[in-house]
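A short worksheet on the structure shown next.
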Amino acid sequence: MTETGKPLLRVLQGEAVWPPPLWLMRQAGRYLPEFRALRDKADFITRCMTPDLATEITLQPIRRYAMDGAILFSDILILPWAMGQSLEFVHGTGPVLGPIRSQADLDRLDPKRVPEATAPVMETLTRLRGILDGPDTIGAAQGGRTTLLGFAGAPFTVACYMVEGHGSREFDATRGMAYADPLLFDRLMARLTEATADMLVAQIDAGAEAVMLFDSWSGLLPPNQFRRHVIAPTRAIVQEIHARRPGVPVIGFPRLAGVMATEYARETGVRVLALDTGADMTAMSRLLPDNITLQGNLDPLLLLAGGDAMTQEARAIRDAMKGRPHVFNLGHGVVPATPPEHVGELVRAVREIGQ
Ligand code: 1CP
């Protein structure tokens, strides 16, 4: 298959393809027994930084389900770690970082370390691209049909973890800093914006065919803060990528942004808007220009539940988007308790037409 023939890449570039290509956020994860088997071999950061392991984990869902997209196995917190922030993934707790609360904390981070620290990630992408575009069949996937996706956290969401030092429902310390010490917060955001653009360009050079920006916590911000800390840095990153690597699609995921997602899509320049579970795809489709590709948005809990309710809703989303560029996906990541058979049923339901 030629490069332009990959269904997902064509849709990311603005073409409508029927049935829509699909991949799932967190498609490589704890719900897969083969992932859990590798999980015991090394801690999370080691798995991300070992090309053999990261390549294998990325390919697991491709072998099983012939997904149209393979997303690099890594994490949004690898960037702060690569800049020198302490990071540990604690079993049962999640990520724990040495929090950034002062100019002195910020000054200890060094963006110049990132290229060397992330070299294994780039090596993983290069290997993956070679395997995916090679002549061999990769499990269920026909050689050459799967698009390789790189990603990063968007600056605001990464700042949430960097300032808070751990996951949270509200990220009060971060949102508080943005108001109480806007100069410090803006300096952190500026550093992240530049480092994120550079890292995504490096991912593209290593083999990523499109890149996604995860802004999982953007929905916590009121409109003016959203414009300042979500739209403005995202626009800067998109412009930088477009200037340096023209034609590479950027997928933006402003999770829980509600009505602000339309302004985000218009103002940031993202080629693709990924929508969360709460978004009305049909309404968003009417509000946005046809040349913006939409991605989403089945409820991950419907995938957990499975059965007819899942296949009917998946087909309803797919059919409502017929005729516009649409990438089928979930509205957030696969939850760990999901039976792997349900993912197989979902893939079949989305690919079966004439139902
Ligand atoms: O072994 C383990 O249990 C580690 C669990 C895990 C995994 C599988 C973490 C820790 N990260 C990942 C992989 C990951 N994270 C990917 C890989 C590709 C794929 O989708 O298959 C991606 C794209 C991410 C992105 C990510 N990490 C986001 C954005 C998307 C989202 O879910 O909203 C966020 C917020 C994170 C932070 C993070 N990393 C890991 C955890 C458990 C968390 C969430 C922490 C929290 O807020 O409580």
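The values are calculated or read from the model by the stated rules, or taken from the named source; none is laboratory data. These numbers were taken from a predicted model, which means no experiment stands behind them. Cβ sites come from the backbone with ideal geometry, for glycine too, and all protein chains shown count toward neighbours.
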Report task. State which residue pairs qualify: first residue within 10 Å of the ligand (Cβ to nearest atom) and inside the range 318-335, second residue of a type in the set (Asp, Glu) and assigned to a loop (DSSP other than H, G, I, E, B) in any location, beta carbons under 7 Å apart, and separation of 6 or more residues or different chains. Result -> His332/Asp276
Query raised in the report: Got a sec? Which of Ala152, Ala119, Ala104, Ala141 is surrounded by 22 or more Cβ atoms within 10 Å (Cβ to Cβ) and of a type in the set (Gly, Ala, Ser)?
Result: Ala152
Report summary line: Within the range 268-291, residues surrounded by fewer than 19 Cβ atoms within 10 Å (Cβ to Cβ), part of a loop (DSSP other than H, G, I, E, B) and modelled with pLDDT of 95 or more come out as Gly269, Thr277, Gly278, Asp280, Leu288
**Report entry** Selection from the range 12-24 of residues that are among the hydrophobic types (A, V, I, L, M, F, W, C) and either out of contact with any Pro (no Cβ under 8 Å at 6 or more places or on another chain) or surrounded by 23 or more Cβ atoms within 10 Å (Cβ to Cβ) (or both)
**Finding:** Leu12, Trp18, Leu22, Trp23, Leu24
Query raised in the report: Considering the range 25-62 alone, what residues qualify as being more than 8 Å from the ligand (Cβ to nearest atom) and either assigned to a loop (DSSP other than H, G, I, E, B) or closer than 19 Å to Leu298 by Cα (or both)?
Result: Tyr31, Leu32, Asp40, Lys41, Ala42, Asp43, Thr50
Query raised in the report: Quick one: how many residues across the range 244-277 are within 24 Å of Glu313 (Cβ to Cβ), more than 14 Å from the ligand (Cβ to nearest atom) and touching a residue at least 12 places away in the same chain (Cβ under 8 Å)?
Result: 6
Query raised in the report: Could you say which residue among Ile237, Ile251 is touching a helix residue (DSSP H, G or I) at 6+ places or on another chain (Cβ under 8 Å) and under 20 Å from Ala16 (Cβ atoms)?
Result: Ile251
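Conditions tested, residue by residue: (1) more than 18 Å from the chain's Cα centre (by Cα); (2) of a type in the set (Ser, Thr, Tyr).
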| position | (1), (2) |
| --- | --- |
| Tyr264 | no, yes |
| Met281 | yes, no |
| Pro289 | yes, no |
| Ile292 | no, no |
| Gln295 | no, no |
| Gly307 | yes, no |
| Glu313 | yes, no |
| His342 | yes, no |
